[in-house]
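First comes the structure, then the notes that go with it.
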Amino acid sequence: MANTEKKTLSRKTLNKSFHHWFYGHLTVFSQEHMQTFGYLTSMLPIVEELYDNKEDQEKAMKTYTAFFNTEPQLGTVIVGITASLEEARASQGIDVGEVDDTTINGLRAGLMGPIAGIGDSLVVGTLIPVILGIALGMSSGGSPLGAIFYIIVWNLLGYFGMRFAYFKGYELGDKAVGILIGAQGKAVRKAIATIGGMVVGGVAATWVTVKTSFRLTNGSGKAYLVLQDQLDSVYPGLLTALFIVLCWWLMAKKNISPIKVMLLLVVVALVGVLVGFFNPGLTY
Amino acid sequence: MTISWIQASILGIFASLSSMPGMAGSTIGNYTLGRPLVGGLVCGLVLGDLKTGIAAGVAMQLVYIALVTPGGTVSADLRAVSYIGIPLAMVAIHSQGLAATSANAADLAKSMGTLVGTVGTVLFYGTATMNLVWQHIGWRAVEKGEFKKLYAVDWGYPWISHLFFSFIPTVLMTHFGSSAVHALRTALPMDGIPMKTLFTVGALLPCVGIAILLKQIVEGPIDFIPFFVGFTFAASLKLNLVSVTVISLIFAMIFYKLDMAISTNRQPVPNGPNGIIDDDEEEEDI
């Protein structure tokens, strides 16, 4: 079955493969096989174009039945890389050359984790909060403008960013691996985490406010200690920052689940209201 | 304000599209329609009160601004927050007679939406579990070499999971929940302990969202420095978010250059599998 003619995927097939991933990477998600089926559907057009006989197609598709899960937006680059590897495998003959099941799956498994790490902090941790933060400001008076802004900006960045990742992955093939998980990749991750950290700090200070209503009054009803003002004169937003660090500590250091932390806050709120530390000051 | 069957059904369809393994794909589904800000826009249009919808969406978005789902572990699936929580919060805001853009309305929306939103976790696991059936059909198809069936497995059958775990729960909860919210008004006065607690929780909850995000970035105390620098820029210097982002870029650039310089000095051949690429980087740095 050895076949040494050079095979090249058509632009049309690559587009099809990309769109299958763009849409279907998570649609049939389960805890057992998270993005595996999304991967299979995006490799199918490629396998069908590269291999004429059914037997080779089946052999190639079997490669992609291995478990797959990563951050889906940035993870598009992995699909692009495997498209290029599959092309190389078809050109050398499916079971004779150096690119085989083990190479492809080794690479997929090796990239899944690091890409999920970069993707989570870059896409979900920084990009989306920044766009949302801008959008929230535009919508804070009840205007739909911010929501519309978010829909347009995120979808354009999401679609074209994923498209770029796919075709860059295809173009670079296995060379992309060095860039993604080598020294440069590590430096990029660190730099992105810095942007992420600062932006999240900005988001927290802009949009989260924890305030205490605790005050001490003298005989004539005049307040001589307003705790909130005292705290803010030490460091503006001190109470908010303390609560965030507390939540982080509970989740990151004590391994308490977010749901339990939320329940704990309910208790804190109840006690706070009872002792007069919190009072939202409601009236009809 | 009540929610009719037709309105509830539209919300049900959006819930199916927007969940974490949603039917609109994660870019358009989870990350667009699933965001409470966008959910607020949709719910506002469906229920005919755009202003309250957006206001409730903005409030809810703060709680979930930083929802990260590492490795498929889900702290809250947003379909219930955006398409059950927000509509019910809107009803609650109306029945309490609060002004749509007031801080009280926002706090009520937050606690209401988050409370209802916890249902999302159940819905998420329900959907994912039912999808195992379609995946089973998919494996059979792969074994037999009937690859075209994979498209139905990936794009078609999961709608059935969503009928049971997104559409029906949303329709029932929004339609019947709205009368329950009205009953709540008479049962719980605004200045009582339960309502005060509910509102306070609403103000505290965004801390959890921010903390979930920090968990991704912060490993030790030193990693908190960028966070506090950003916090100080916004809280003390009153800079807006775009300005904070721009300033952060210079720090990112410095750290990148520094890291690259350290790694090229320390190990001439870094552990990356491809040495040629690292040579390129050295030239870039000069």
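The values are calculated or read from the model by the stated rules, or taken from the named source; none is laboratory data. All values reported here derive from a predicted model rather than from experimental measurement. Cβ coordinates were reconstructed from backbone atoms using ideal geometry, including for glycine residues, and neighbour counts include every protein chain displayed. For accessibility, only protein heavy atoms count, side chains too; no ligands or nucleic acids. Shrake-Rupley method; radii C 1.70, N 1.55, O 1.52, S 1.80 Å.
Side notes on the structure shown:
- When restricted to residues that are in contact (Cβ under 8 Å) with a residue 12 or more places away in the chain, of a type in the set (A, V, I, L, M) and open to solvent by 40 Å² or more (accessible area, probe 1.4 Å), the range B:106-132 contains 3.
- Test: residue in the range B:223-243 that is within 25 Å of A:Lys186 (Cβ to Cβ), of a type in the set (S, T, N, Q) and not assigned by TED's automatic domain parsing to the domain that holds B:Met60: no
- Of everything in the range B:22-54 that is at the interface with chain A (Cβ under 7 Å from one of its Cβ atoms) and open to solvent by 10 Å² or more (accessible area, probe 1.4 Å), the residue that is modelled with the highest pLDDT is B:Leu41.
- Each residue in the range A:148-158 was checked for being buried (at least 22 other Cβ atoms within 10 Å of the Cβ) and over 20 Å from the mean Cα position of the chain (by Cα), and 0 pass.
- Of the criteria (1) open to solvent by less than 10 Å² (accessible area, probe 1.4 Å); (2) within 13 Å of chain B (Cβ to nearest Cβ); (3) among the charged types (D, E, K, R), which one A:Lys16 fails: (1)
- Of the helices (runs of 4 or more DSSP H) lying entirely inside the range B:155-242, the ones with 1 or more residues being away from every other protein chain (no Cβ under 12 Å), without any contact (Cβ under 8 Å) to a residue 12 or more places away in the chain and surrounded by fewer than 20 Cβ atoms within 10 Å (Cβ to Cβ) are found at B:168-187.
- Of all residues in the range A:19-35 being surrounded by fewer than 23 Cβ atoms within 10 Å (Cβ to Cβ) and at pLDDT 90 or above, the one that is nearest to the other protein chains (Cβ to nearest Cβ): A:Tyr23
- Members of the range A:159-175 found to be crowded, with 22+ Cβ neighbours inside 10 Å and either part of a loop (DSSP other than H, G, I, E, B) or within 20 Å of the chain's Cα centre (by Cα) (or both), listed by number: A:Met162, A:Ala165, A:Tyr166, A:Gly169
- Members of the range A:241-259 found to be out of contact with any helix residue (DSSP H, G or I) (no Cβ under 8 Å at 6 or more places or on another chain) and not aromatic (Phe, Trp, Tyr), listed by number: A:Leu242, A:Lys253, A:Lys254, A:Asn255
- Members of the range A:56-86 that are surrounded by fewer than 20 Cβ atoms within 10 Å (Cβ to Cβ), more than 9 Å from every other protein chain (Cβ to nearest Cβ) and acidic (Asp, Glu): A:Asp56
- Identification of helices (runs of 4 or more DSSP H) wholly contained in the range A:57-150 with 2 or more residues that are under 28 Å from A:Val47 (Cβ atoms) yields A:72-92, A:101-119.
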